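Encoded as structure tokens, the structure appears first; notes follow it.
The values are calculated or read from the model by the stated rules, or taken from the named source; none is laboratory data. Please read all numbers here as calculations on a predicted model, not as lab measurements. Ideal geometry is used to build each Cβ from the backbone, glycine not excepted, and the neighbour counts take in all protein chains shown.
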Amino acid sequence: MTAVDARTALAEVQARIHGIVAPTGPHPVQSEAERAAVGGKLLRPRLLIAAAGGCADHAALVSTAAALELLHVALLVHDDVIDGDLERRGAPSIAGAAVTAATEAGLGAEHAQRLGLTTAVVSGDVLLARALAELARLDVPLDVRRAVADVVERALVRAAEGEHDDVLLAGGEPDELAIERVLELKTADYSFRAPLELGAILGGREPEAVEALGSIGTRMGVLYQLRDDVLGVFGDEAVTGKSALSDIRAGAPTMLVLLARREPEWSTVAALYGRPDADAGDASRIRAVLRGTGALDALEARIAEGAAALRATIAEAPVEQALRDELLTILTRCVERAR
């Protein structure tokens, strides 16, 4: 698929997303689901479209890409509930907006909070339902539809397991294997492995290529999340659209913190990491220790080494050079991004 075709397809994906989430009634759950679906980077559709190589049924490709993006949005909505985040993409999250609206309508604080969380959970459910219905309606051969369903089922189950384990490990002292496992489950599978596999399946690629692209996606997803963990503490909120206190307050079990915990200096801020009421001053102290212990530099080196190794793997992948080039471009953006 040429670059022009890819841009056109992404525009069609965005249009299809709007069509899928367009409210069928005036209920706020539907309007909030629609609002949440606007403004994404469309990374997953881009990966899927690239992996198809221009050989897939166009309508099925657009529908699958749109559905995958909506599954991503649904998981973000639920993740905001779990993490207690009231902001997403530089705007109030569904829960945050609902709490504000309920408070302004005169509901008590406890009732407003409950309504806000409920609105977010069920709006995420609406997005899941509409995405899965879109996939169920794909007009493709039965074996292809089953293969798509198998990938989506695996990715969603693994994302749920990863979300659970992320919270389970928070506040503890997990080892590297446990952290990497969470990165693979929570993010890498549904955000990178699944899009590449789905595109390859829809494009009729050989099993060897599907497997190779899935492996590349898993490794790329881990590197993406390692960068995300850096941005979660050191990122510019105006650019990332997410609070720089969220991971700190949640005590997120990141590789960055694991590397810092190995140094005695971490003990000076250990009690601050995971405090629900941590403030900007606490965050500043934690950032200073993450730098001072060398944890930030060590993680940056790890990301660079992982990216270099993955570039070598991509260069040998059993796919055409155009796809290799696109994967290299996306990898660079993943590890060098500021949001």
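Selection of segment 305-317 for residues being exposed (fewer than 12 other Cβ atoms within 10 Å of the Cβ) and not aliphatic (A, V, I, L, M) yields 305, 316.
Of everything listed in (1) touching a Lys or Arg at 6+ places or on another chain (Cβ under 6 Å); (2) assigned to a helix (DSSP H, G or I), the single unmet condition for residue 283 is (1). Just to be sure before I move on: is residue 247 of a type in the set (Asp, Glu), out of contact with any His (no Cβ under 9 Å at 6 or more places or on another chain) and in contact (Cβ under 8 Å) with a residue 60 or more places away in the chain in the structure I sent? Taking the combined requirement at face value, the residue does not satisfy it. Out of segment 39-54, which residues are crowded, with 18+ Cβ neighbours inside 10 Å, outside any helix (DSSP H, G or I) and touching a residue at least 40 places away in the same chain (Cβ under 8 Å)? Within segment 39-54, just 53 meets the criteria. Is it the case that some residue within segment 92-112 is surrounded by fewer than 17 Cβ atoms within 10 Å (Cβ to Cβ), modelled with pLDDT under 95, charged (D, E, K, R) and outside any strand (DSSP E or B)? Yes, that holds for at least one residue. Here residue 189 passes the criteria (1) of a type outside the set (Phe, Trp, Tyr); (2) closer than 26 Å to residue 271 by Cα; (3) surrounded by 17 or more Cβ atoms within 10 Å (Cβ to Cβ); (4) at pLDDT 95 or above except the one numbered (2). Just one of the listed residues (149, 209) is hydrophobic (A, V, I, L, M, F, W, C), at pLDDT 95 or above, out of contact with any Cys (no Cβ under 7 Å at 6 or more places or on another chain) and surrounded by fewer than 21 Cβ atoms within 10 Å (Cβ to Cβ), and it is 149. Exactly one residue out of 302, 285 is farther than 18 Å from residue 228 by Cα and out of contact with any Asp or Glu (no Cβ under 6 Å at 6 or more places or on another chain): that is 285. Scanning segment 1-38 for residues that are among the small types (Gly, Ala, Ser) and surrounded by 20 or more Cβ atoms within 10 Å (Cβ to Cβ) yields 9, 33, 36, 37. Here residue 302 fulfils each of the conditions (1) free of Cβ contacts under 8 Å to residues at least 60 places away in the same chain; (2) of a type in the set (D, E, K, R); (3) surrounded by 13 or more Cβ atoms within 10 Å (Cβ to Cβ); (4) within 30 Å of residue 264 (Cβ to Cβ) apart from (1).
Among the residues of segment 218-232, which ones are small (Gly, Ala, Ser), surrounded by fewer than 24 Cβ atoms within 10 Å (Cβ to Cβ) and at pLDDT 95 or above?
Applying the first criterion (small (Gly, Ala, Ser)) to segment 218-232 yields 221, 232.
After this cut, where a residue has to be surrounded by fewer than 24 Cβ atoms within 10 Å (Cβ to Cβ) as well, the list is 232.
Correct list: empty.
Would it be correct to say that residue 31 is without any contact (Cβ under 8 Å) to a residue 40 or more places away in the chain, in a helix (DSSP H, G or I) and over 23 Å from residue 163 (Cα atoms)? Let's see the steps before the verdict.
Details: without any contact (Cβ under 8 Å) to a residue 40 or more places away in the chain: yes; in a helix (DSSP H, G or I): yes; over 23 Å from residue 163 (Cα atoms): yes.
The answer is yes for residue 31.
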